[in-house]
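Report on the following structure.
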Amino acid sequence: MSILTGIYSKLAANTAVTTLTSTRIYPHEAPSSAALPYITFYQISGPHAHHMLAAAGMTEPRVQIDSWDDDALGAETLADKVRLAMDGFRGTMGSVSVRMCHLDDEATDFFDKAHSSREGGIFRKRQDYMIWHTETVPTF
């Protein structure tokens, strides 16, 4: 299972998140018809750890999780629910064994009507998480 599948499982199982989004949690991008609020997420990078002899079996991807709504307060509220679910988490996300997940950076953006298909624009709260987890290392 990939870390993205694990993140989806983690967020979709969190009632504080799904109370606001229902099932509107999308990898990469949301459909243009998606109702607000919703979440999108994707992997930005994925460095793998190594030691002197081989792969160490650990990776630390940077994953961006975006909380979207038609007002700044709504985007902030949803992002706070995501933070409470993700920041500091250790355990299993789906079938991925997470050693540590931490919020590394966040910012709020506004996309006006010229840059959004939404009337009045849309707000995004962007959060970048670093997620140390074990990976399956092939044996030869």
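The values are calculated or read from the model by the stated rules, or taken from the named source; none is laboratory data. In this text the structure is predicted, and so the values were computed from the model without any measurement. A quick note on method: Cβ atoms are made from the backbone with ideal geometry, for glycine too, and the neighbour counts reach across all protein chains shown.
Of the strands (runs of 3 or more DSSP E) that lie entirely inside region 58-115, those containing 2 or more residues that are modelled with pLDDT under 85 span 96-111. Once region 19-40 is narrowed to residues that are surrounded by 12 or more Cβ atoms within 10 Å (Cβ to Cβ), in contact with a strand residue (DSSP E or B) (Cβ under 8 Å, 6 or more places away or on another chain) and without any contact (Cβ under 8 Å) to a residue 40 or more places away in the chain, the residue that is farthest from residue 122 (Cα to Cα) is 27.
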